[in-house]
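The structure appears right after this line, and notes come after that.
The values are calculated or read from the model by the stated rules, or taken from the named source; none is laboratory data. Quick caveat, the model's predicted, so the values are computed rather than measured. All Cβ positions, glycine included, derive from the backbone under ideal geometry; neighbour counts span all protein chains shown. The area values use the complete protein model at the heavy-atom level, side chains included, leaving out ligands, DNA and RNA. Shrake-Rupley method; radii C 1.70, N 1.55, O 1.52, S 1.80 Å.
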Amino acid sequence: TDKTLCVTGSNIAGKLGDGTGVGTKTPQQIMSDVLAVSAGTNHSLILKTDKTLWAVGAGGYGQLGDGTSADVRLPKQMMANVISMSASWNSSFILRGDHVLFATGNNDLRHLGLLAEGPSSHIFRPTQIMTDVKALSAGPYHTMILKNDHTLWAAGDNKEGQFGDGTFDNSVTFKQVMANVQAVSAGSSFTMILKTDHTLWATGVNAHGQFGDGTTTSVKIPKQVMADVKQVSAGPYYTLVLKNDNTVWVTGLNDKGQLGDGTTTAKIKFTEISL
């Protein structure tokens, strides 16, 4: 709450930003005046209270946005006038104060919605993707963008139907897939969509029961799985939901106890947990 940033865990490629590259089991302070942070696989994005965006860690795919593929062990400024950001596996998305969205980094499946110049598919500096953006959610290989008009757009890998457009066709540029959307969360080859009427919809892979509909059947057209939803967050193969009555519901893979129900048993139907 004092806006200091502390880090702990693995420090591969210097992603903790303490300058060492050595992991730690106890939190270490690295920065002050921090508003938000987003952690990718081996890089981190830090948003300061002055709206400057800083990046640290692995840069091999251009995810640090400095024009190189070098790793960085101390945070360096990437952009200014930033209001939010998202660090995906090896890419970074940045929403500027004027609601213009930028992306940089891994673009193997064109999930940045950009065509790179030269022999590499990757983007090494923040590049404008779209205007009038409200929010975004980046999965490993597909990206969902929510615009201010509540339309939902998708790009990248769609081989499991995670766009929800009724096809399995990939897209190298963003395409509109739905309207009347309030929020979106992209998992690994599936997408959870919260509509403006507070209904929750799911599309893509459902092999682990991450839809919470009582089945493991995958779909390419979004299906409603819950009502009265306030927020949703999709993990790689599981889903967490906050309902309007402030109860928390979980479903999907639970091999590491990620559902927080005291077990390691997977769920295929939304189950309320006690907090």
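About its Cα centre, what dipole magnitude does the range 230-275 give when the only charges are +1 on Lys and Arg Cβ and -1 on Asp and Glu Cβ, stated in debye to the nearest 20?
100 debye
How long, wide and thick is the range 61-139, going by the Cα atoms along their three principal axes, in whole angstroms, largest first?
Sorted largest first, the three principal extents are 31, 29, 21 Å.
Report the equivalent ellipsoid semi-axes for the chain in whole Å, largest first, defined as the square roots of five times the eigenvalues of the gyration tensor built from alpha carbon atoms. Don't skip to the answer; put the middle values down first.
Working: eigenvalues 175, 107, 61 Å².
The answer is 30, 23, 17 Å, longest axis first.
Stokes-Einstein at 10 °C, 1.306 mPa s, Kirkwood radius from Cα pairs: D for the range 104-171 in µm² s⁻¹?
For these conditions, the coefficient is 127 µm²/s.
From the residues V100, T1, L136, which one has its Cα farthest along the dipole of the chain in the positive direction, the dipole being from +1 and -1 charges on Cβ of Lys/Arg and Asp/Glu about the Cα centre?
So the residue we want is T1.
With the Cα gyration tensor of the range 141-186 giving a ≥ b ≥ c as the square roots of its eigenvalues, does the rule (a/c under 1.5 for rounded; else a/b larger than b/c for prolate; else oblate) give rounded, prolate or oblate?
Since a/c reaches 1.5 and a/b is larger than b/c, the shape of the range 141-186 is classed as prolate.
Only Cα pairs under 8 Å and at least 6 apart count here; give the relative contact order of the chain as a rounded whole percent.
It comes to 10 percent, rounded to a whole number.
When all protein chains stay in place, what accessible area (Å², nearest 10, 1.4 Å probe) is found for H150?
60 Å²
Can you give the alpha-carbon Rg of the range 75-201 over 2.2 N^0.38 Å, where N counts its residues?
1.00
What is the packing order of peptides 247-255, 58-66, 20-28, 212-220, taking the mean over residues of other C-beta atoms within 10 Å and listing the highest first?
Descending packing order for the listed peptides: 58-66, 247-255, 212-220, 20-28.
How large is the translational diffusion coefficient of the range 1-93 in µm² per second when you combine the Kirkwood radius over alpha carbon pairs with Stokes-Einstein at 10 °C and 1.306 mPa s? All intermediate terms of the calculation are to be shown ahead of the outcome.
On the way: Rh = 12.8 Å.
The Stokes-Einstein estimate is 124 µm²/s.
So how many Å³ per residue does the convex hull of the Cα atoms of the range 174-275 work out to?
It comes to 85 Å³ per residue, whole-number rounded.
About the Cα centre of the range 83-214, how large is the charge dipole given +1 on each Lys and Arg Cβ and -1 on each Asp and Glu Cβ? Please answer in debye to the nearest 20.
Details: 8 positive and 11 negative charges, 47 e Å.
Using only the charged Cβ atoms, the result is roughly 220 debye.
Relative contact order, percent, of the range 192-275 when contacts are C-alpha pairs under 8 Å separated by at least 6 residues?
Across the range 192-275, relative contact order equals 27 percent.
Given N246, G166, G235, which one lies farthest toward the positive end of the charge dipole of the range 153-264, if we put +1 on the Cβ of every Lys and Arg and -1 on the Cβ of every Asp and Glu?
Result: G166.
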